[in-house]
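Here the structure is laid out as structure tokens; the discussion comes afterwards.
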Amino acid sequence: MLRRSVIGPRRRSNPAKITYYEDLSPGTGALAPRAAFRSDARTLSLNGDWDFRLFPTAAHAEAAEQAEGDGWEKLPVPSHWALHGHGAPQYTNIRYPFPVDPPRVPTENPTGDHRLVFDLPDDWPGPDEGAGGRTLLRFDGVESCYRVRLNGRELGTAKGSRLPHEFDTGPHLLRRGNVLSVRVHQWSSGSYVEDQDMWWLAGIFRGVTLLHRPEGAVRDVFVHAGYDHRTGHGTLRVDADPGGRVTVPELGLTLATGETVTVPGVQPWSAEVPRLYEAQLAIDGERVPLRLGFRTVAVEDGVITVNGRPLLLRGVNRHEFHPDHGRAVPYATMREDVLLMKRHNINAVRTSHYPPDPAFLDLCDEFGLWVIDEADLETHGFTYDDWRGNPADDPAWEEALIDRAARMVERDKNHPSVIMWSLGNESGTGRNLAAMSRWIRDRDPHRLIHYEGDRSCEHTDVYSRMYASHEEVEAIGRRAEKPLDDPRLDARRRALPFIQCEYAHAMGNGPGGLTEYQRLFETYERLQGGFVWEWIDHGLRARDAAGRPYFAYGGDFGEPLHDGNFCADGLLFPDRTPSPGLLEFKKVVEPVGICVDAAARTVRVTNKYDVIDLAGLAFGWSREVEGRRVAEGALEVPPLGPGESAEVALPEAERVREAGSVAQDDADGEEWWTVRAVLADGTAWAPAGHEVAWGQARARGPAATRTPGARITPVRAPSSPSLDGAITLGPGTFDPLDGGLRTLHGLPVAVPPRLNVYRATTDNDRGPDEETSVAAQWHRHAVDRMRHRCDGVTVDGESLVVTARVAPPGGFFGLSVVYRWTGEQTGDATRLDLSVDITPDGEWPCPLPRLGVAMGILAPLDWIEWYGGGPGESYPDTRRAARIGRWATTVDGFQTPYVFPQENGSRGDVRWAELRGPDGGGLRIEGRPAFALTARRWTTGQLEAARHPADLVPGEVLHLDLDVAHHGIGTASCGPGVLAPYELRATRTRFGVGFTLPN
Ligand code: GAL
């Protein structure tokens, strides 16, 4: 229906022709929203292959209506048509991809006609059988506006892409030969309030169902199941329309709807123990199974509690995404998401930025995740005009926005997992947000209200921010944040609990800084955790011209306006392989603190769960020498309650011996103790033995590298080059002119080792601001183009000394370097050592990206074994998940395939690494004391130039970086940069590496 107020106060549109997809109404004809539930009433899924045809404009669709039978193809429903060869996806973050002139949309409005011809099953109840009732047609998600016709009669229109709409088929449904026609418009007035940071993907992307509603069927049901932690009693009331009886067999309960009963001795629901009680609502026409989770959400003394216990949210923001299906996420994938979350110590999800498929919330109830359910609302693009005309503040949009709140709340109100309703995302401030908040509070006063975009928090129950720096979060933790102008609102906000609804932007390599955030969350009671942005990279599976597969991001479909790879910012790669960021997050948020003190032979174990004790975990210790487990055993840890901790003794030498050697003990090697906590028994989400937490500490330093008693002979370099013009020093030959290494243990050295300070910039290095990012500084100061001047090559008895200055063109600063090579012989074994002495000069205006030597070996060395941090990559501020051990993989396995290529794969704290070829030959590199290793078949320049991993074509040379230090990673792609302790500044540095043959 066209309302007079469709024209906003500032933004005036030509009112000439407002169509149903442009008017501000949420639609016409849909029934009032209600709870999602299944019942014993008949349903028929209409998912499957439908007829489809796409038109460039709505007018073309209109015109073609007469020409039935023309141009139909098959399209699966649910799906997005752009992922099936009709049109193309487009990715934007904030900016609207069309002129902003609400509520008008472009004439070029891809319009997809969907058609399904179907018969009712023979036994489908219908008025003609006297069975009574009616049949509804439900759409769970259609983007962005649609019109439904059944057998030529219009049932209605709807907007609100991620919301359900039900239409009464009335007298139009036939037993046979029904023609269901759904016209879907990509753009509508709804698009103005659906400006989420994601691909624009139109279509019927969630299920379509036919539902029989028997006479006397339940219209709606609202379960109120609370839990009083003081008495241990549950309370239950089930409101239903019409009323009936509720039974909970397990509790021996029968009650009338509308009646409140106290239920002694129930087990409450929590994300840690998602206890559900099966119940049934029976009324005249229908039986509805219900799942009850007893729990009470509150804010007590400025802290969010559930069942009286404060929560610490270890959360992620989850967009619905699948690399082949976009937001048409199959059920198995939703389940995989939940299992992956549980297995990575995640306990909360924000359904950014719209209500998810309802089945996802069933899974959250069942497996246990705290949920912030978010309304399908974002008007972020208005920020470019200083929020003028923002639908969130224009009364003309009130009905549409309330409809969005109501459809979410009504659909999802029976999920115990949902503890907060979120009004939407990045929609500025305004009266409609206030109205949504009022509506929700009135309908469901028992959950909290969340919205981040209004700093006054006037309409919310929690203070929520995104990407606030550590410093600011700490101030908030102390309730000492910068005050609001209005003292009343300030006092109110200061008393609220705090969460970061988005933090730690997981774009590309990173995020760094997680540990420091977690420390704050665990220190200040007001800080109740947060939600990493985001769960999964939105990379769409594609192939390049050469047929090579890759994951596409913004611009890959030729879109003129796009935000590039800003959509690839998840903890999972698009195919749901966990990225190093997820493994780091799992470690940082682990719910059990394990702090090993190897010297004291004790371990401090802390229970960081909110609800459960540690009885479900089995603890074990192991002792490792040079990365080999030499003894292991079980560890008795008391079943500590939440927040409790205890110091537990590790076994004495006696018991260690009794535990037996599982590998040959090397009495001299470096010794570590590891303590692990694993699931004692299988759970719904992981098998017994699944690792939940671990800790490690070093008990003894590395052994002397030399075999005692062996005769070591320093190798002398000849004072003049040999006949072939090379200087030979032990297993190395050198170029006498510049001192470059030519061969090493017989392997041709294609790129002689020399100082390298540059890395292929990460998304976080590049940050959002091309001017101020650390990458911009590196480029401005030519740190990516360092020049190497050789100042001298001298053979000084036992060593070859090369002096050099490494500095950027145009720069008044640099690094003076002394490379000192020495060789030695022990029996038959030869060894070449390099020590590097670096002295900065001038004033360095920026941090260094990395510091180390880079070299390239022309040999098919493909297998890497190392003793050090692993198994995955780590950088100074992302190294919690790396444990010291012996690891092995291929050169391919050494790469982390970020959707947008960038620095990756560095293994830290490497004591030694052995590189081997297919013929067994190879090289061993020993650090003095340890180094970080990257190994690739392409150069840093090629890595930086690549746009997709498929651009990286392996060459013949194995490029190695042996780094003494790296600049941290941070999370500046959205949020704070590298924290001060992890900045790499040019300072006097010495380090060394030794090259031998593999053992
Ligand atoms: C936030 C926004 C998210 C996403 C993120 C950056 O501002 O709420 O939707 O855009 O930034 O990736």
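The values are calculated or read from the model by the stated rules, or taken from the named source; none is laboratory data. Since this is a predicted model, take the numbers as computed values, not measurements. No Cβ is skipped: glycine too gets one built from the backbone with ideal geometry, and neighbour counts run over all protein chains shown.
List the strands (runs of 3 or more DSSP E) inside segment 117-188, counting only whole elements, that have at least 3 residues being within 30 Å of Pro355 (Cβ to Cβ) and of a type outside the set (Asp, Glu). Write out each step before concluding.
Numbers: elements: 134-139, 145-150, 153-159, 165-168, 178-185.
The strands (runs of 3 or more DSSP E) meeting that bar are 134-139, 145-150, 153-159, 178-185.
Checking the stated criteria, Tyr146 turns out to be buried (at least 17 other Cβ atoms within 10 Å of the Cβ), aromatic (Phe, Trp, Tyr), modelled with pLDDT of 95 or more and under 27 Å from Pro330 (Cα atoms).
Which residues, taken from segment 321-340, are among the charged types (D, E, K, R), touching a Leu at 6+ places or on another chain (Cβ under 9 Å) and farther than 18 Å from Val77 by Cβ?
Kept after step one, since they are among the charged types (D, E, K, R), are these residues of segment 321-340: 324, 327, 335-337.
Those still in the list that are touching a Leu at 6+ places or on another chain (Cβ under 9 Å) too: 324, 327, 335, 337.
Within segment 321-340, Arg335, Asp337 qualify.
Within the option set Gln186, Gln196, being within 16 Å of the ligand (Cβ to nearest atom) and modelled with pLDDT of 95 or more holds for one residue only, Gln196.
Filter segment 618-645 down to residues that are among the hydrophobic types (A, V, I, L, M, F, W, C) and within 33 Å of the chain's Cα centre (by Cα) and give me whichever is farthest from Val678 (Cα to Cα).
The first filter runs over segment 618-645 and keeps only residues among the hydrophobic types (A, V, I, L, M, F, W, C), leaving 618-619, 621, 625, 630-631, 634-635, 637, 640.
If we keep only those that are within 33 Å of the chain's Cα centre (by Cα) too, we end up with 618-619, 621, 637, 640.
On the way: Ala618: 5, Phe619: 6, Trp621: 11, Val637: 12, Leu640: 15 Å.
Here the answer is Leu640.
If the condition is being in contact with a helix residue (DSSP H, G or I) (Cβ under 8 Å, 6 or more places away or on another chain) and either among the aromatic types (Phe, Trp, Tyr) or part of a helix (DSSP H, G or I) (or both), then segment 371-380 contributes no residue at all. Residues of segment 554-588 that are over 14 Å from Met341 (Cβ atoms), more than 16 Å from the ligand (Cβ to nearest atom) and either aliphatic (A, V, I, L, M) or in contact with a Lys or Arg (Cβ under 7 Å, 6 or more places away or on another chain) (or both): Glu584, Lys587, Val588.
Restricting segment 98-116 to residues that are under 25 Å from Pro355 (Cβ atoms) and outside any strand (DSSP E or B) leaves a set whose member that is nearest to the ligand (Cβ to nearest atom) is Phe98. The criterion of being modelled with pLDDT of 95 or more, in the same structural domain as Gly539 (by TED's automatic domain parsing) and closer than 30 Å to Gly872 by Cα holds for Glu522.
Which one is nearest to the ligand (Cβ to nearest atom), of the residues in segment 378-417 that are of a type in the set (Asp, Glu) and farther than 19 Å from Asp195 by Cα? Residue satisfying both the conditions and the ranking: Asp412.
Go through segment 199-211 and give me each residue that's buried (at least 22 other Cβ atoms within 10 Å of the Cβ) and either within 16 Å of the ligand (Cβ to nearest atom) or part of a strand (DSSP E or B) (or both). If you could, list the steps in order and put the result at the bottom.
Residues of segment 199-211 buried (at least 22 other Cβ atoms within 10 Å of the Cβ): 199-206, 208.
Residues satisfying the conditions are Trp199, Trp200, Leu201, Gly203, Ile204, Val208.
A search for C-beta distances below 6 Å between a residue of segment 731-750 that is on the phi < 0 side of the Ramachandran plot and any residue that is of a type in the set (Ser, Thr, Tyr) and crowded, with 19+ Cβ neighbours inside 10 Å, counting only pairs 6+ apart in sequence or on different chains, returns Pro731/Thr830; Arg742/Thr733; Thr743/Thr733.
Is there a residue being within 16 Å of the ligand (Cβ to nearest atom) and not small (Gly, Ala, Ser) anywhere in segment 359-371? No, segment 359-371 contains no residue that is within 16 Å of the ligand (Cβ to nearest atom) and not small (Gly, Ala, Ser). Looking at the structure I just gave you, is Leu815 at pLDDT 95 or above and surrounded by fewer than 20 Cβ atoms within 10 Å (Cβ to Cβ)? No. Restricting attention to segment 776-787, does a residue exist that is of a type outside the set (A, V, I, L, M, F, W, C), over 29 Å from Arg886 (Cβ atoms) and assigned to a loop (DSSP other than H, G, I, E, B)? The answer is yes, given that some residue of segment 776-787 is of a type outside the set (A, V, I, L, M, F, W, C), over 29 Å from Arg886 (Cβ atoms) and assigned to a loop (DSSP other than H, G, I, E, B). Suppose we keep only residues that are touching a helix residue (DSSP H, G or I) at 6+ places or on another chain (Cβ under 7 Å) and under 28 Å from His380 (Cα atoms) within segment 340-358. Which one would you say is farthest from the ligand (Cβ to nearest atom)? Across segment 340-358, the extreme among qualifying residues is Pro358.
Answer yes or no as to whether Phe222 is assigned to a loop (DSSP other than H, G, I, E, B) and under 17 Å from Val418 (Cβ atoms).
Taking the combined requirement at face value, the residue does not satisfy it.
If I filter segment 942-999 down to residues being among the β-branched types (Val, Ile, Thr) and under 16 Å from Gly510 (Cβ atoms), which single residue comes out as surrounded by the fewest Cβ atoms within 10 Å (Cβ to Cβ)? Break it down stepwise before answering.
Kept after step one, since they are among the β-branched types (Val, Ile, Thr), are these residues of segment 942-999: 953, 957, 964, 969, 971, 978, 987, 989, 993, 996.
The next check asks that each one be under 16 Å from Gly510 (Cβ atoms); those that pass are 969, 971, 978.
On the way: Ile969: 29, Thr971: 31, Val978: 24.
Filtering segment 942-999 for residues that are among the β-branched types (Val, Ile, Thr) and under 16 Å from Gly510 (Cβ atoms), the one surrounded by the fewest Cβ atoms within 10 Å (Cβ to Cβ) comes out as Val978.
Tell me yes or no: at least one residue of segment 360-373 is of a type in the set (Phe, Trp, Tyr) and within 18 Å of the chain's Cα centre (by Cα).
yes
Residues considered: Ser181, Ser188. Of these, the only one that is polar (S, T, N, Q), in contact with a Cys (Cβ under 6 Å, 6 or more places away or on another chain) and in the same structural domain as Pro78 (by TED's automatic domain parsing) is Ser188. Here Arg95 meets each of (1) within 16 Å of the ligand (Cβ to nearest atom); (2) buried (at least 17 other Cβ atoms within 10 Å of the Cβ) with one exception, condition (2).
Taking into account only those residues within segment 67-92 that are assigned to a loop (DSSP other than H, G, I, E, B) and closer than 30 Å to Asp385 by Cβ, which is farthest from the ligand (Cβ to nearest atom)?
In the first step, residues of segment 67-92 are kept if they are assigned to a loop (DSSP other than H, G, I, E, B); the result is 67-72, 78-80, 85-89.
Next, only the ones that are closer than 30 Å to Asp385 by Cβ stay: 80, 87-89.
Numbers: His80: 19, Gly87: 24, Ala88: 21, Pro89: 17 Å.
Looking at the filtered set, the residue picked out is Gly87.
Would you mind stating whether Ala542 is more than 16 Å from the ligand (Cβ to nearest atom) and surrounded by 16 or more Cβ atoms within 10 Å (Cβ to Cβ)? Here the answer is yes, as Ala542 does meet what is asked.
Residues to consider are Asp841, Asp837, Asp828; find the one that is within 14 Å of Phe991 (Cα to Cα), among the acidic types (Asp, Glu) and either free of Cβ contacts under 8 Å to residues at least 40 places away in the same chain or touching a strand residue (DSSP E or B) at 6+ places or on another chain (Cβ under 9 Å) (or both).
Details: Asp841 fails: within 14 Å of Phe991 (Cα to Cα); Asp828 fails: within 14 Å of Phe991 (Cα to Cα).
Just one listed residue meets the conditions, Asp837.
On the basis of being in contact (Cβ under 8 Å) with a residue 24 or more places away in the chain and in a strand (DSSP E or B), does Arg759 make the cut? When the stated conditions are applied, Arg759 does not pass them.
Suppose we keep only residues that are of a type in the set (S, T, N, Q) and not in a loop (DSSP other than H, G, I, E, B) within segment 45-66. Which one would you say is farthest from the ligand (Cβ to nearest atom)? Spell out the reasoning first.
Of the residues in segment 45-66, the ones of a type in the set (S, T, N, Q) are 45, 47, 57, 66.
The next check asks that each one be not in a loop (DSSP other than H, G, I, E, B); those that pass are 45, 57.
Working: Ser45: 32, Thr57: 30 Å.
So the residue we want is Ser45.
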